[in-house]
Amino acid sequence: MRPNIVFLDQYSLGGADLAPIRALGAYTGYETTDPAQVLDRCREADIVITNKVVLDRATLQRLPRLRLICVAATGTNNIDLAAAAELGIAVRNAAGYSTHAVTETTVGAAIALRRQIGYYDRYTKTAYAGASRQFHFGRPTHQLHGSRWGIVGLGAIGRSVARVAEALGCEVAYTSVSGVVREEPYPALPLDELLAWADTVSIHAPLTERTRGLIGARELALMKPTAILINVARGGIVDEAALAAALDAGSPAGAALDVFEHEPLDIGNPLLSVREPDRLLLSPHNAWASAEAVRTLVGCIERNIREYLGARSPKVE
């Protein structure tokens, strides 16, 4: 018997070819799913695929047929993992598919901010033609080579960013958000020391009770006025109101965020009214979404389903 497979938010894969997943069972895909629709759409599912749709304890308890949840992402904070384990529902995520894409986004954001690419692009398009001088030095720029790069969370992506930063001539240090002490090729610093030391701080940590609100007004005040902050991890780690206020006050010098506490952004989010927009780069949680990474993600989901079905009897209950 072919399993019933339901994908609750397939729009999140950007129109990717899902044929390898469709071939594994009786497939139903929904572009988006509101919380009120989850139960009805999953009622007959043996396997549910979700990127950001929440599956909480109350919902899982009412889905006796469900046997596997495939998260179309690395983070599993939208799944009640304890409830799933108690109910015998396997949960599989897709680790490692976006490491290169997020690394490139992180490094690209650092270069864009330190070299003031946004400002100089806008100047060239609006004021350079017919200007009286060949060169324009409206904003000071800085190179990464010879600077200090602090990593918050040295997991797979954090290590990848560290390697690239080191290759570009940066001195690298990190802080552990898990509290686990490991042998690493980079020195470990307490968070406060790292923030005061670094010229670039990039965040690559999961959202947990330990990391929620990790970077607030106090922590931002520890950073150098010339430093930049990059968050490509999870919204909720950085206090967005505090960051907007700090940027308006002149320190840190810039920031780049790909993730937000509420997605999509609330219309009144203070980040949208920062006085000097060139100091802030925002993107809609797509650091991971290169075409290559999306193809790899589809392959991860396919493999997770195949491995689960292969470990069970051919007949899905």
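The values are calculated or read from the model by the stated rules, or taken from the named source; none is laboratory data. Bear in mind that the values here come from a model prediction, so they are computed numbers and not experimental data. Cβ coordinates were reconstructed from backbone atoms using ideal geometry, including for glycine residues, and neighbour counts include every protein chain displayed. Surface accessibility is based on the protein's heavy atoms, side chains included, excluding ligands, DNA and RNA. Shrake-Rupley method; radii C 1.70, N 1.55, O 1.52, S 1.80 Å.
Structure above, values below:
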| read-out | value |
| --- | --- |
| Dipole in debye (nearest 20) - the chain, about Cα centre, beta carbon charges: Lys, Arg +1; Asp, Glu -1 | 520 |
| Between region 248-317 and region 47-116, the Cα center-to-center distance that results, in Å | 10 |
| Region 58-164: relative contact order in percent, alpha carbon pairs under 8 Å with at least 6 residues between | 25 |
| Mean Cα-pair separation over length for the chain, i.e. relative contact order, pairs under 8 Å, 6 or more apart, % | 17 |
| Surrounding net charge for GLY213, when Lys and Arg each add one and Asp and Glu each subtract one, Cβ distance under 14 Å | -1 |
| Accessible area, probe 1.4 Å, largest first, for residues TYR174, TYR11, TYR123 | TYR11, TYR123, TYR174 |
| Top of GLN37, GLN143, GLN116 by mean-square fluctuation, Gaussian network on the chain, Cα under 10 Å | GLN37 |
| From the C-alpha gyration tensor of region 267-314, square roots of 5λ in Å | 42, 13, 6 |
| Area accessible to solvent at LYS224, 1.4 Å probe radius, in Å² | 50 |
| Accessible surface of region 185-317 [probe 1.4 Å, protein heavy atoms]: carbon and sulfur percent | 56 |
| For LEU63, solvent-accessible area (1.4 Å; no DNA, RNA or ligand), Å² | 10 |
| Region 1-153, accessible surface, carbon-and-sulfur percent (1.4 angstrom probe) | 51 |
| Degrees, to the nearest 10: 240-249 long Cα axis against longest axis of the chain | 10 |
| Cα gyration tensor shape of region 1-67, rounded if a/c is under 1.5, else prolate or oblate by comparing a/b with b/c | oblate |
| Percent of alpha-carbon pairs separated by more than 14 Å within region 133-209 | 61 |
| Solvent-accessible area of SER147 with every protein chain in place, 1.4 Å probe, in Å² to the nearest 10 | 10 |
| Local net charge near LEU144, Cβ-Cβ under 12 Å (Lys/Arg +1, Asp/Glu -1) | 0 |
| The chain: most fluctuating residue of ARG139, ARG295, ARG212 per GNM, C-alpha cutoff 10 Å | ARG139 |
| Candidate residues MET1, MET223: accessible-area rank, largest first, probe 1.4 Å | MET1, MET223 |
| Global form of region 171-301, assessed from the alpha-carbon gyration tensor, a/c cut-off 1.5 | oblate |
| 1.4 Å probe accessible area per residue over the chain, in Å² | 49 |
| Radius of gyration and maximum dimension Dmax of region 233-281, Cα, Å | 10.0, 27 |
| Protein-only accessible surface order, largest first, of ILE157, ILE230 at 1.4 Å | ILE157, ILE230 |
| Coarse-grained scattering of region 205-261 at q = 0.17, 0.28 Å⁻¹, given as base-10 log I(q)/I(0) from a Debye sum over alpha-carbon atoms | -0.47, -1.19 |
| C-alpha long axis of helix 291-311 to longest principal axis of the chain, angle in ° | 30 |
| Computed over region 74-146, Cα set: Rg, Dmax in Å | 22.7, 72 |
| Cα-based equivalent ellipsoid of region 30-175: semi-axis lengths in Å, sorted from largest, via gyration tensor | 47, 21, 10 |
| Most mobile of PRO225, PRO270, PRO252 in a GNM of the chain (Cα contacts under 10 Å) | PRO270 |
| Helix 156-167 axis, angle to the chain major axis (alpha carbon atoms, nearest 10°) | 30 |
| Coil-residue GluC sites (Glu not before Pro) of region 176-272, DSSP, other Cβ within 10 Å capped at 10 | GLU183, GLU209 |
